[in-house]
Amino acid sequence: MKLLSLFLLAANIAIASDIRAFLWQESRDEKTREPQYGFFVASEAVKEVMEADAAGDSKKVERLSQKVPPDAWLFAVMLKGEAKQYSKEKISIARIDGHESVVIVSGTIEAERAKRVVKIDLKIKSDGKTVSFPGNGTYTVSVLSKK
């Protein structure tokens, strides 16, 4: 996990053509018992590092980290409640490398939970400006493979 933390601290925001959504997770809020669904959004290279780290393969993490561009980014997305479409009030996004929350200006995430398909269409604040969320798109969210 230390290698991953060091890698993420060095990462900066970028737009990549190989964006992936991965590591689908389901849980419940400890206080309200409301269902929550989470996943990560990043480039394929970051996804591979995260999956190797989750599997505990530090050698693979080190090797794959060398291939990650210095301007790579990683976001954690959390959806609150059971819905087919989530408004900004039910979406939380955090930029992992900087540990900051992302301010969502507008948009939605549509989710087909049974198939783990999400369609992200959000506008966020970045450097005081409203911009498209770099992870916008439609994805089938992968789960951690058991190897």
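Within segment 56-77, the set of residues being touching a helix residue (DSSP H, G or I) at 6+ places or on another chain (Cβ under 9 Å) and within 16 Å of Phe133 (Cα to Cα) comprises Ala72, Trp73, Leu74.
If you go through segment 101-110 and keep only what is over 15 Å from Phe75 (Cβ atoms) and either at pLDDT below 95 or of a type in the set (S, T, N, Q) (or both), you end up with Ser106, Thr108.
Answer with yes or no whether Val141 is closer than 16 Å to Arg20 by Cα, touching a residue at least 40 places away in the same chain (Cβ under 8 Å), in contact with a Lys or Arg (Cβ under 6 Å, 6 or more places away or on another chain) and surrounded by 15 or more Cβ atoms within 10 Å (Cβ to Cβ).
Numbers: closer than 16 Å to Arg20 by Cα: yes; touching a residue at least 40 places away in the same chain (Cβ under 8 Å): yes; in contact with a Lys or Arg (Cβ under 6 Å, 6 or more places away or on another chain): yes; surrounded by 15 or more Cβ atoms within 10 Å (Cβ to Cβ): yes.
Criteria met by Val141.
As a summary of the residue check, Ala54 satisfies the conditions (1) out of contact with any Leu (no Cβ under 6 Å at 6 or more places or on another chain); (2) over 21 Å from Ile91 (Cα atoms); (3) hydrophobic (A, V, I, L, M, F, W, C); (4) touching a residue at least 60 places away in the same chain (Cβ under 8 Å) except for the one numbered (1). The residue that is surrounded by the fewest Cβ atoms within 10 Å (Cβ to Cβ), counting only those in segment 105-126 that are under 17 Å from Tyr37 (Cβ atoms) and basic (Lys, Arg), is Lys115.
Taking the condition in a helix (DSSP H, G or I) and modelled with pLDDT of 90 or more, does Val41 pass? Spell out how you get there, then give the answer.
Working: in a helix (DSSP H, G or I): no; modelled with pLDDT of 90 or more: yes.
When the stated conditions are applied, Val41 does not pass them.
Table: residues versus (1) modelled with pLDDT under 90; (2) not polar (S, T, N, Q).
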| position | (1), (2) |
| --- | --- |
| Ser5 | yes, no |
| Ala11 | yes, yes |
| Ser17 | yes, no |
| Pro35 | no, yes |
| Ala72 | yes, yes |
| His99 | yes, yes |
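Taking only segment 125-138 into account, find how many residues are in contact (Cβ under 8 Å) with a residue 24 or more places away in the chain and more than 26 Å from Val49 (Cα to Cα). Residues flagged as in contact (Cβ under 8 Å) with a residue 24 or more places away in the chain and more than 26 Å from Val49 (Cα to Cα) within segment 125-138 amount to 1.
Can you tell me which residues in segment 65-104 are exposed (fewer than 13 other Cβ atoms within 10 Å of the Cβ) and not in a loop (DSSP other than H, G, I, E, B)? Scanning segment 65-104 gives Gln85, Ser87, Glu89, Glu100, Ser101.
The values are calculated or read from the model by the stated rules, or taken from the named source; none is laboratory data. This one's a predicted model, so the numbers in the text were calculated from it and none came from an experiment. Counting neighbours? That spans all protein chains shown, and the Cβs are built from the backbone with ideal geometry, glycine included.
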